[in-house]
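Remarks on the structure that follows.
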Amino acid sequence: SVESDYETILVRREERVGVITLNRPEALNALNTTVARELVAAAEEFDRDESIGAIVITGSERAFAAGADIAEMAGISFREAHLGDFVGGWAALARLRTPRIAAVSGYALGGGCELAMMCDLIIAADTAKFGQPEINLGVIPGMGGTQRLTRAIGKAKAMDLILTGRMMGAEEAERAGLVSRVVPAAALLDEALKTAAVIASKSLPSVYAAKEAVDVAFETVLAEGLRFEKRAFYSMFALGDQKEGMAAFLEKRKPDFGND
Ligand code: HXC
């Protein structure tokens, strides 16, 4: 299968959940162009598959991802950065409609933190360490860090992290609003898979619409978001899943979605 063709990631499915595991242990899962290409391809394949309702992206116990691959980046010129658009490929991941959960243990630094923030929820092990240490390398975040981190945790903390390059532990990250839940490291994958399975059990079009509407809150102003939400809400009444979901409640049974 296509799944065995990847060099830098492991891909599997657990019922309605797609699981992508970064697998470059020798470099703490540093994100090079191969990882970018493979991870985006695998996620796009899951996104096209109607039997998949959520995607979990994870790393190892020691590192979710320690950033963009510094060895690969070190020599590139301004011209190559621009013409090669070498971070541009990641945008496709952030655009997918399927909800993504980042299950983060250990380091999520630089591009690793930015990858986690391209997911819809971050579930963190108590060992997780988030940071944007690009400043220590004489650069700045380039995969969304200055934008998504600032929107997630506010200017005060984002400035602190981005200007000093310091790491933030799981508890601080949860307090700051970056992380949805913190769990003991040993329970991380299980918690992420269970959460993904819950999401994947819902009406798929409702999940897409709910996610899209929350994303609009992140991307636009309130009035625009409220208009978007109202239109999306009304459109749900065209779905069999709405009839089924509400009938099931009234008949005191479990809904059986996806049959229209
Ligand atoms: C390439 C990396 C790497 C990275 C770690 N390694 N991070 N290789 N790119 N980002 C490699 C190390 O070189 C080393 O290889 C091996 O992984 C283990 O790492 P160590 O440093 O020996 O481990 P440790 O002492 O435990 O320190 C862990 C660490 C440190 C604190 C996470 O590795 C670290 O600071 N890494 C860099 C973090 C960083 O600056 N990330 C931001 C990158 S810039 P060898 O062969 O020596 O064993 C970025 C920009 C994104 O992400 C914007 C757009 C692209």
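The values are calculated or read from the model by the stated rules, or taken from the named source; none is laboratory data. Model, not experiment: these values are computed from the prediction. When we count neighbours, we look across all protein chains shown, and the Cβ atoms used for this are built from the backbone with ideal geometry, even at glycine. Just so you know, the surface numbers come from the protein's heavy atoms only, side chains and all, with ligands and any DNA or RNA stripped out. Shrake-Rupley method; radii C 1.70, N 1.55, O 1.52, S 1.80 Å.
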Worksheet item: What is the one condition in (1) modelled with pLDDT of 95 or more; (2) loosely packed, with under 14 Cβ neighbours inside 10 Å that F218 does not satisfy?
Response: (1)
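Tell me yes or no: at least one residue of region 188-197 is surrounded by fewer than 16 Cβ atoms within 10 Å (Cβ to Cβ) and within 26 Å of A27 (Cβ to Cβ).
Let us first name the residues in region 188-197 that are surrounded by fewer than 16 Cβ atoms within 10 Å (Cβ to Cβ), namely 190, 194.
Next cut, within 26 Å of A27 (Cβ to Cβ) only: none.
Within region 188-197 (the criterion being surrounded by fewer than 16 Cβ atoms within 10 Å (Cβ to Cβ) and within 26 Å of A27 (Cβ to Cβ)), the answer is no, since none of the residues qualifies.
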Worksheet item: In region 15-41, what count of residues is obtained for those that are within 19 Å of A63 (Cβ to Cβ) and either more than 14 Å from the ligand (Cβ to nearest atom) or assigned to a loop (DSSP other than H, G, I, E, B) (or both)?
Response: 10
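I'd like the full set of residues that are away from the ligand (no atom under 11 Å from the Cβ), under 24 Å from A185 (Cα atoms) and in a helix (DSSP H, G or I), limited to region 111-167. Spell out the reasoning first.
The first filter runs over region 111-167 and keeps only residues away from the ligand (no atom under 11 Å from the Cβ), leaving 116-128, 130, 147-164, 166.
Restricting the remaining residues to those that are under 24 Å from A185 (Cα atoms) gives 116-128, 130, 149, 152-153, 161, 166.
Those that are away from the ligand (no atom under 11 Å from the Cβ), under 24 Å from A185 (Cα atoms) and in a helix (DSSP H, G or I): A116, M117, L149, A152, I153, L161.
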Discussion item. Against the condition closer than 22 Å to G59 by Cα, charged (D, E, K, R) and loosely packed, with under 12 Cβ neighbours inside 10 Å, how does D256 come out, does it pass?
Written reply: no
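Scan region 151-171 residue by residue and report those that are without any contact (Cβ under 8 Å) to a residue 40 or more places away in the chain, crowded, with 18+ Cβ neighbours inside 10 Å and farther than 25 Å from E72 by Cβ. Even if it seems obvious, please write down each step before you answer.
Pass one, region 151-171, residues without any contact (Cβ under 8 Å) to a residue 40 or more places away in the chain: 152-166, 168.
Right, trim to crowded, with 18+ Cβ neighbours inside 10 Å and you get 153, 157-158, 161-162, 168.
I153, K157, A158, M168 - these are the residues of region 151-171 that are without any contact (Cβ under 8 Å) to a residue 40 or more places away in the chain, crowded, with 18+ Cβ neighbours inside 10 Å and farther than 25 Å from E72 by Cβ.
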Worksheet item: In region 72-89, how many residues are more than 21 Å from the chain's Cα centre (by Cα), of a type in the set (A, V, I, L, M, F, W, C) and part of a loop (DSSP other than H, G, I, E, B)?
Response: 2
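Given R97, R62, R148, which one is surrounded by fewer than 20 Cβ atoms within 10 Å (Cβ to Cβ), of a type in the set (K, R), modelled with pLDDT of 95 or more and within 12 Å of the chain's Cα centre (by Cα)?
Details: R62 fails: within 12 Å of the chain's Cα centre (by Cα); R148 fails: surrounded by fewer than 20 Cβ atoms within 10 Å (Cβ to Cβ).
R97 is the lone residue from the list that is surrounded by fewer than 20 Cβ atoms within 10 Å (Cβ to Cβ), of a type in the set (K, R), modelled with pLDDT of 95 or more and within 12 Å of the chain's Cα centre (by Cα).
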Worksheet item: Before we move on, is R16 basic (K, R) and surrounded by 17 or more Cβ atoms within 10 Å (Cβ to Cβ)?
Response: yes
Discussion item. List the helices (runs of 4 or more DSSP H) inside region 181-260, counting only whole elements, that have at least 3 residues being within 18 Å of E50 (Cα to Cα).
Written reply: 188-200, 204-219
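What residue, of A248, A238, is over 26 Å from the mean Cα position of the chain (by Cα), of a type in the set (G, A, S) and open to solvent by 30 Å² or more (accessible area, probe 1.4 Å)?
Values: A248 fails: open to solvent by 30 Å² or more (accessible area, probe 1.4 Å).
Only one candidate passes the filter, namely A238.
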Item to complete: Tell me which residues, restricted to region 108-145, are of a type in the set (S, T, N, Q) and open to solvent by less than 10 Å² (accessible area, probe 1.4 Å).
Response: Q132
Discussion item. Please determine whether any residue of region 46-56 is part of a helix (DSSP H, G or I), in contact with a strand residue (DSSP E or B) (Cβ under 9 Å, 6 or more places away or on another chain), more than 13 Å from the ligand (Cβ to nearest atom) and over 24 Å from G169 (Cα atoms).
Written reply: yes
